[in-house]
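Everything on this sheet refers to the single structure shown next.
The values are calculated or read from the model by the stated rules, or taken from the named source; none is laboratory data. The structure displayed is predicted, hence computed values, not measured ones. For neighbour counting, all protein chains shown are included, and Cβ atoms are generated from backbone atoms with ideal geometry for every residue, glycine included.
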Amino acid sequence: MNQSNSIAGRGIPPEALAVLKQIDARRKNFSRNLRISLAILVLLMVVGLVVLGLDFKFMSKWIGFILTGLGFTLLVSVLAISLACVLAVIGALGRLSRNPIFNAMATLYVSLIRGTPLLVQVYMWYLALPQIGGALERLGLVGIQKYLTLPAIPAGIMALAVCYGAYMTETVRAGIQSIKIGQGEAAKALGMTGAQTMRRVIFPQALRVIIPPVSNEFIAMVKDSSLVSLMGVWELSFRAIKIGRRYFQSLEMLILVAAIYWVMCIVLQTVQERIEKHMARGERGENG
Amino acid sequence: MSNNNVMVKIRNLHKVFGQDLHVLDGIDLDVSVGEVVSILGPSGSGKSTLLRCINFLEEPTAGTIEVDGVAIKAGEKSKDHAAKILDIRKKTGMCFQAFNLFPHMTAIGNVMEGPVTVLGQTKKEATPYAEELLDWVGLSDKRDEFPARLSGGQQQRVAIARSLAMKPKIMLFDEPTSALDPELVGEVVDVMERLANEGMTIIAVTHEMHFARDVSSRVFIMDGGNWIEEGSPEEMFTNPKEERSKQFLAHIL
């Protein structure tokens, strides 16, 4: 609490100070108890695993091998989310467009992709696309098949990007629509074009609204990146499942890989909180 | 095509919302360079819509609007329609009842936004004039504050500076003091008055009596989508001719 923020001239009376102290103590108590509770829950989980007789030696022996798959997971996730963001912005502009063709394309994209399982889409990019290439080749587009025959990782990136792009299209659209109409009017009254209004005024404000749901999508995608294992990519979960099966110690391997994903997502969540804090600049209530 | 002395020329302006909500009913208006016009009238009479038609925030349904020599006929299908609208908007500054400052930019950022984005100046080029304007509205010390940390009156003064940064030929004020606490009205009206004294052409939709009576050169009373009557402030406030004007003025005076 900052003294210099005081509006009233005279000092705060002692009984009010006592109340403030109580409120502060209650708040501090709560956050302390929250942290203790969380620690106890995590401890209970670890104790539970020890009681189950988990083979920690086995886990530590293979952790290096499994972590080698982390690179694939991160590569796929980061590239897919970047591409998904681009698709989402284009998709959202399409969904809000008054051009019927552009709007229809965006609407169809969202509906089709959200309406089909990601699993099917992954196979579509990997197994079915080459067949489409073959068909096009027969129709006279010579040489196209080799471009439509994607290796596992690019196929996985495309599948995830296109799928998450569709979900995020709706997030971005809602974010854009949440900005008050007066903002666009003020920009236009200055003489800005529609594109300038979007880029300088609407989008930066919408970004603040959509950061939490987009982070949510990103966290979901990091885990869905395990779907590239379907195509034989040796990423995190694929390695864990392989080793678990070979030595009949699936429990250890699954718990290990789950923990790795969890840590990754905790890191991402921290990054999200940082970004949100930064974006909150200019909002009422910042720094009290 | 335009008389040098004419800033705004509106002929037979109609605005219909939806299929049948007839808000503006054949408005004519001429405003000369340097004139200060106040528009009064009961809510729903079409005042704001008229103002918003002048810079095409609302697309008129019929009629012509001419601002500083740029004339646009409603519904015209010409290729340069959009370009002419941008042209008119660059010549026109507008202040809104809700201020509509950009919350993600500081005060000076708001003021520089037009010159930087629309006129293509660098921030460095735009800064001195933006600072001068902030100083002119008395807010030099709030240069780097975000709008959320400013009072309503301060926000509206930044909004005026933001409009002035585009060096407009005419300022439109859409109930600029209606959202303000009474004690903050004065600081905004004061800025408007100084603007008028410096020769700015102004059209203001306002119920602020000091501005309407002492600052404006002409007062229009509007109802049902057209003028009831117009005249000098003295005539309108002391001796209105029309019964509806008298009724309306009795409510606000």
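Going by what's in this entry, would B:Ala159 be described as under 23 Å from A:Arg199 (Cβ atoms), within 13 Å of chain A (Cβ to nearest Cβ) and at pLDDT below 95? Can you show your working first?
Values: under 23 Å from A:Arg199 (Cβ atoms): yes; within 13 Å of chain A (Cβ to nearest Cβ): yes; at pLDDT below 95: no.
No, not satisfied.
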Task: Count - residues of the range A:172-186 that are crowded, with 22+ Cβ neighbours inside 10 Å and at the interface with chain B (Cβ under 8 Å from one of its Cβ atoms) - done: 1
Task: Check on A:Leu256, crowded, with 18+ Cβ neighbours inside 10 Å and modelled with pLDDT under 90 - done: no
Task: Matching residues in the range A:115-128 - criterion: being under 21 Å from the mean Cα position of the chain (by Cα) and either surrounded by 13 or more Cβ atoms within 10 Å (Cβ to Cβ) or part of a loop (DSSP other than H, G, I, E, B) (or both) - done: A:Gly115, A:Thr116, A:Pro117, A:Leu118, A:Gln121, A:Val122
- [ ] Quick one: in the range A:187-201, of everything that is in contact (Cβ under 8 Å) with a residue 12 or more places away in the chain and crowded, with 23+ Cβ neighbours inside 10 Å, which residue is nearest to the chain's Cα centre (by Cα)?
- [x] A:Val201
Task: Selection count where residues are assigned to a helix (DSSP H, G or I) and more than 25 Å from A:Val76 (Cα to Cα), scope the range A:132-155 - done: 5
TODO: Filter the range B:77-135 for residues that are away from chain A (no Cβ under 13 Å) and modelled with pLDDT under 95 and give the result.
DONE: B:Lys77, B:Ser78, B:Lys79, B:Asp80, B:His81
TODO: Any chance you could count how many residues in the range B:176-202 are over 22 Å from B:Gly34 (Cα atoms), out of contact with any Gly (no Cβ under 9 Å at 6 or more places or on another chain) and loosely packed, with under 13 Cβ neighbours inside 10 Å?
DONE: 1
Task: Criterion (hydroxyl-bearing (Ser, Thr, Tyr), out of contact with any Cys (no Cβ under 7 Å at 6 or more places or on another chain), away from chain A (no Cβ under 14 Å) and free of Cβ contacts under 8 Å to residues at least 12 places away in the same chain) met by exactly one of B:Ser216, B:Ser232, B:Ser140 - done: B:Ser140
Open item on the list: For the range A:24-53: of the residues being of a type in the set (Val, Ile, Thr) and at pLDDT 95 or above, which is farthest from A:Leu251 (Cα to Cα)?
Closed with: A:Ile36
TODO: Go through (1) more than 14 Å from chain B (Cβ to nearest Cβ); (2) in contact with a helix residue (DSSP H, G or I) (Cβ under 6 Å, 6 or more places away or on another chain) and name the single condition A:Gln196 misses.
DONE: (1)
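Going by the conditions given, is B:Leu51 closer than 20 Å to A:Met192 by Cα, out of contact with any Gly (no Cβ under 6 Å at 6 or more places or on another chain) and of a type in the set (A, V, I, L, M, F, W, C)?
yes
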Task: Residue count for the range A:238-265, restricted to those that are free of Cβ contacts under 8 Å to residues at least 40 places away in the same chain and under 23 Å from the mean Cα position of the chain (by Cα) - done: 6
Task: Any hit, the range A:159-178, residues being modelled with pLDDT of 95 or more and more than 19 Å from the chain's Cα centre (by Cα) - done: yes
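Restricting to helices (runs of 4 or more DSSP H) lying wholly in the range A:4-110: which have 2 or more residues that are at negative phi, touching a residue at least 60 places away in the same chain (Cβ under 8 Å) and surrounded by 10 or more Cβ atoms within 10 Å (Cβ to Cβ)? Outline the logic, then answer.
Values: elements: A:14-51, A:56-67, A:70-96.
Here the list reads A:56-67, A:70-96.
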Open item on the list: within 30 Å of B:Leu51 (Cα to Cα) and either of a type in the set (A, V, I, L, M, F, W, C) or within 9 Å of chain B (Cβ to nearest Cβ) (or both): which single residue out of A:Phe218, A:Phe248, A:Phe203, A:Phe238 fits that description?
Closed with: A:Phe203
